[in-house]
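K.L.:
Have a look at this one.
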Amino acid sequence: MLQADVHVRTPSDTTTEALCRIGELYGIEAGIRGKSAAERLAIRQEKAVPLLTALEGWLREKQKTLSRHSELSKAFAYALNQWDALKLYLREITDTEHAGNVPPLTQ
């Protein structure tokens, strides 16, 4: 998402807010560590989905106000281009699903 080095090089209220929003998602993950897969999924659906939805809208609105050549605009564009992949973390991927993506070993 937002690369922290963009914030370090050019800190602003926008970069600070972006990192705070992302930090909220990390806080949820820290809170569900060690819980069952079903509990993690339920908590992500309850707490992370609304935050992630709000973050996406916020990124899109903020990006409209930025020069498209700015580092921050590029970081936001990258995050938005990766959005479908990012949303995968909201699901609980089972071993069966994961195994289907691993190529078989050959001798």
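K.L.:
Take residue 65 and decide whether it is among the hydroxyl-bearing types (Ser, Thr, Tyr) and either surrounded by 11 or more Cβ atoms within 10 Å (Cβ to Cβ) or within 26 Å of residue 92 (Cβ to Cβ) (or both).
P.N.:
Taking the combined requirement at face value, the residue does not satisfy it.
K.L.:
Please specify each residue of segment 34-51 satisfying the condition of being of a type in the set (A, V, I, L, M) and either without any contact (Cβ under 8 Å) to a residue 12 or more places away in the chain or under 20 Å from residue 86 (Cβ atoms) (or both).
P.N.:
Within segment 34-51, 37, 41, 42, 43, 48, 49, 51 meet the criteria.
K.L.:
Checking residue 72 against (1) in contact with a helix residue (DSSP H, G or I) (Cβ under 7 Å, 6 or more places away or on another chain); (2) at pLDDT 95 or above, only one condition comes out false. Which one?
P.N.:
Answer for residue 72: the failing condition is (2).
K.L.:
Would you mind telling me which numbered condition in (1) at pLDDT 95 or above; (2) surrounded by fewer than 17 Cβ atoms within 10 Å (Cβ to Cβ); (3) closer than 19 Å to residue 90 by Cβ; (4) not charged (D, E, K, R) residue 20 fails?
P.N.:
Looking at each condition in turn, residue 20 falls short on (3).
K.L.:
On to the next question. Give me the residue from segment 5-17 that is out of contact with any Lys or Arg (no Cβ under 9 Å at 6 or more places or on another chain) and surrounded by 15 or more Cβ atoms within 10 Å (Cβ to Cβ) and, out of that set, modelled with the lowest pLDDT.
P.N.:
Start the filter on segment 5-17 by keeping residues that are out of contact with any Lys or Arg (no Cβ under 9 Å at 6 or more places or on another chain), which leaves 5, 7-13, 15-16.
Okay, now just the ones that are also surrounded by 15 or more Cβ atoms within 10 Å (Cβ to Cβ), so 7, 15.
Values: 7: 70, 15: 93.
Of everything passing the filter in segment 5-17, 7 is modelled with the lowest pLDDT.
K.L.:
Let me ask something additional. Residues in segment 23-35 that are among the hydrophobic types (A, V, I, L, M, F, W, C) and exposed (fewer than 10 other Cβ atoms within 10 Å of the Cβ): how many? Lay out the reasoning, then the answer.
P.N.:
Here is the first cut: in segment 23-35, the ones among the hydrophobic types (A, V, I, L, M, F, W, C) are 25, 28, 30, 32.
With exposed (fewer than 10 other Cβ atoms within 10 Å of the Cβ) added as a condition, the list becomes 30.
Residues that pass the stated criteria total 1.
K.L.:
Quick one: is residue 62 basic (Lys, Arg), in contact with a helix residue (DSSP H, G or I) (Cβ under 7 Å, 6 or more places away or on another chain) and at pLDDT 90 or above? Walk me through it before giving the result.
P.N.:
On the way: basic (Lys, Arg): yes; in contact with a helix residue (DSSP H, G or I) (Cβ under 7 Å, 6 or more places away or on another chain): yes; at pLDDT 90 or above: yes.
Considered against the rule, which asks whether it is basic (Lys, Arg), in contact with a helix residue (DSSP H, G or I) (Cβ under 7 Å, 6 or more places away or on another chain) and at pLDDT 90 or above, residue 62 comes out as yes.
K.L.:
For residues that are in a helix (DSSP H, G or I) and either surrounded by 16 or more Cβ atoms within 10 Å (Cβ to Cβ) or of a type outside the set (Gly, Ala, Ser) (or both), tally how many sit in segment 68-79. So that I can check it myself, show each step before the final result.
P.N.:
Let us first name the residues in segment 68-79 that are in a helix (DSSP H, G or I), namely 71-79.
In the following step, the residues that additionally are either surrounded by 16 or more Cβ atoms within 10 Å (Cβ to Cβ) or of a type outside the set (Gly, Ala, Ser) (or both) were identified as 71-76, 78-79.
Going through segment 68-79 one residue at a time, the tally reaches 8.
The values are calculated or read from the model by the stated rules, or taken from the named source; none is laboratory data. Computed from a prediction, not measured in an experiment: that's the story for all the values here. Every residue, glycine as well, gets a Cβ built from its backbone with ideal geometry; the counts of neighbours run over all protein chains shown.
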